Amino acid sequence: MGAQYLDTGWIAEAFTAMLVLFVLFNIWRAENAGKTGKEVYIRRIPGLNAIDEAVGRATEMGRPVIMVPGLPDYVDAIVVQAMNIFTYVTRIAARFSNPILVCCYNASVFTVAQEMIRDVYQQEGAIERYDQDSVRFISDRQFAFAAGVSGLILREQAAATFFLGNFYAESLILAETANSVGAIQVASSTQNTQTPFFIAACDYVLIGDEFYAASAYLTRQPVLVGSLVGQDWAKISVITMVLLGLLTTSIQIQGKTEMEKVASGPSKGTFAHVQVLSNPADPKSPMVDGPPRQMTVADTFMYRMLNPLPRDIKFHDEKAGTFERPQKPATNPATAAGGGQ
Amino acid sequence: MMDLLAQATPPSDSSPFWSAPNGSSHLVIGIGAALLLGIGLIFLLLQAPVRSRRWIVALFTFLAGGYYVLYFFWPTAIDRQPNDLPRNPMEGVTFWISDAFPIVSTFTNVLAGFLLGLGIYSLWRVHGRRIVKQQKDWFFSFVLLASSVMMAFIGYADWHSRQGLNGPLLANKANWHPINYAFDFFFEGGLQQMDAAMFSIIAFFILSAAYRAFRIRSVEATVLLATALVVILSLMGVITNAWQSGINHLGGPDAFVQNFSLDTIRTWLTNTVQTPSIRGIDFGIGIGSLAMGLRLWLSLERTGS
């Protein structure tokens, strides 16, 4: 028995392309909303109302706002998203001369955060209030970081904390510590396993893609708003596909069928359900339980993309998916090895 | 003498210049040239008009992002052997992408290495100032800085002692030098244990958070409490046995009431209620990430404004 290959066909690529088109088209739509007079609408997210409240409370109490952009390994899209929200928080804090602290787990995030926070103070005309130590690198070890941030929350008696980004097991340590000093907490984790902990310990939680919607709502930039609407279109498509899948799998196919390659006609080369009969010449003959035909490597969409002209392909073993390729000239036996991943 | 340019990856003929033999002039010249080139490029970028600077950064972002887009979407070569050559241009691109990956990843690591220096500088500035000004708890800052210097030294010395022909001998504790014992004491005996201690604190925090979450304050909290209770009870052998006995009294193995065993209810809750909800959230996060990545790749994002 050779290897069995999973083939999603062209649908995966087409679906990704569709999502990209939705996002780009809606960004274009939002950018041109002024010309067409059709504003793109997005609804209010309750967790975001809490941001102004939390910063206002911190100002009244004269205590700092602590922000943590998760525990990423490098600057990724999630960190950028978290920093977008933090720049909004910092802007309000800068207006009210409220102290802030951004705690970073990763050195590259630290440098990006430092630049972004300084830019916000500069834009607000309050660069003299910018404290270079308000953005800190704590540690790049998970629990050393948790201990460091918990210590800061306790020592500084934070009035508000924002935990937005990728959090793991330390999420509850941070949230419960902040809860113990009575801080208002707004949190969101892109790790589903941590969201329940935040829900249990924090005042407001942005669940799932609300995290990505936050900066669009707060800044109202056409690019962000358009992108958000594109995301919603994509979600509607996903829901439609789920419903279609539900429908198709709910309809029972009568009799035993197998996936067979179509030999002729417009669908030539694709796979289709066919009934398996004991006597193929007699359509009324009983169906049999034969061994299912396995999809080989040569049948997969990816393989066909790689080999648009399959006439030169010679297999060692088609079922096992091993085939012949031209070889590098072996000039030096010591250097001939290497290359393949 | 300790070779300060020792590397973790042994060089080979096909390696780039930064994998040249330790201490070789080739390596030193290569590093110097790359450094000068980097400084020169940054200087040129700073000299460029502000408007065009944005386009230059966008171009580099697009090229770097484009590589990873290709890496994820271009088909992977099937059954590639070390000496294989591509059979057609499509496969040629595949080979190029997979061969370039280690080099592109190295660029990322080098950049992260430079930035780590900035992070450590921030740490030293904050805690150094606290020590100099003798602020509250300055002694803890001293411990932090002393520990970081000590671990950097001991860690490197330990790693270096494990390089070369005698390295494998150190798998046996009898062959250890004092520096290996020192590393084991501070890293395995100190840092790892403190990590584990912090991790175990979560158990207590879960208890206090669960207490607050399960208080009946609203309909949602009551539903949460009820479902959590079923799941918790279904994992307790004594309770499930007692419950199952009760159900068996009510009906035989094919009776409708058998659907209400704790295991069945828990399985239904996790498979029918929990898993689809999590998948729904995952879809949202995935689509959000895709849109965010697209905005960053095409430099459409205006951060901080």
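Bear in mind these aren't lab numbers, they're just calculated from the coordinates by the rules spelled out. On a predicted model such as this, the values are computed, not experimentally measured, just so you know. Note that each Cβ is placed from the backbone with ideal geometry, even for glycine, and that neighbours are counted across all protein chains shown.
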- prompt: Bin by bin, in steps of 10 Å, what percent of the Cα pairs in the stretch A:46-205 do you find, going until the bin that has the longest distance?
  reply: 12, 46, 37, 5, 0
message: Based on the alpha-carbon set only, what is the convex hull volume of the stretch A:54-103 divided per residue, in Å³?
response: 64
Modelled FRET efficiency - R0 25 Å, A:Ile42 with A:Asn192, Cβ distances, 0.05 increments: 0.60
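What relative contact order, as a whole-number percentage, does the stretch B:216-297 give when Cα pairs under 8 Å and 6 or more residues apart are counted?
For the stretch B:216-297, the relative contact order is 23 percent.
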message: Tell me which of B:Met90, B:Gly66, B:Ala112 sits at the most positive position along the dipole axis of the stretch B:43-135, charges placed on C-beta atoms (Lys, Arg +1; Asp, Glu -1).
response: B:Ala112
- prompt: So, in nm, how far is label B:Ile42 from label A:Ser180 when the simple model puts each one 7 Å beyond its Cα toward the Cβ?
  reply: 4.2
field: Over the stretch A:142-259 - Rg/Rh using Cα atoms and the Kirkwood inverse-distance radius
entry: 1.21
- line: Length gained, B:Lys173-B:Ser208, 0.36 nm per residue minus C-alpha separation, equals 8.3 nm
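Take peptide A:231-239, look around each residue's Cβ out to 10 angstrom, count Cβ atoms belonging to other protein chains, and average those counts. Walk me through the numbers on the way to the answer.
Details: counts 7, 2, 1, 7, 5, 0, 1, 5, 2.
Per residue, the average neighbour count from other chains is 3.
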query: Dipole size in debye (nearest 20) for chain B around its Cα centre, Lys and Arg Cβ +1, Asp and Glu Cβ -1?
result: 1400
field: Relative packing of peptides A:166-179, B:182-195 - highest average C-beta neighbours within 10 Å first
entry: A:166-179, B:182-195
query: Given 0.36 nm per residue, what is the gain on full extension from B:Thr272 to B:Leu35 after removing their alpha carbon distance, in nm?
result: 79.6 nm
field: Bins of 10 Å from zero: percent of alpha-carbon pairs in the stretch B:136-213
entry: 16, 31, 26, 17, 9, 2
task: Measure off 7 Å from each Cα along the Cα-to-Cβ vector at A:Met259 and A:Met18, then give the distance between these two points in nanometres to one decimal.
output: 1.9
- prompt: Using just the C-alpha positions of the stretch B:13-165 as equal point scatterers, what log10 of I(q)/I(0) does the Debye formula give at each q in 0.21 1/Å?
  reply: -1.30
B:Trp96 paired with B:Ile239, simple spin-label distance in nm, labels 7 Å along Cα-to-beta-carbon: 6.2
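Remind me, relative contact order of chain B in percent, using alpha carbon pairs under 8 angstrom and six or more residues apart?
12
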query: Over all distinct Cα pairs, what is the inverse of the mean 1/r for the stretch B:232-281, reported as the Kirkwood hydrodynamic radius in Å?
result: 11.9
statement: P(r) of chain B over all Cα-Cα pairs, 10 Å bins starting at 0, rounded to whole percent, reads 4, 11, 17, 20, 22, 15, 8, 2, 0
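Which FRET efficiency value, to the nearest 0.05, do you get for B:Phe142 and B:Leu59 by plugging their Cβ-Cβ distance into 1/(1 + (r/R0)^6) with R0 = 56 Å?
Details: r = 47 Å, r/R0 = 0.84.
According to the calculation, E is roughly 0.75.
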- line: Largest first and rounded to whole Å, the semi-axes √(5λ) derived from the alpha carbon gyration tensor of the stretch B:199-305 read 41, 20, 12
Fully extended contour minus Cα-Cα distance, from B:Val28 to B:Gln134, at 0.36 nm per residue: 33.9 nm
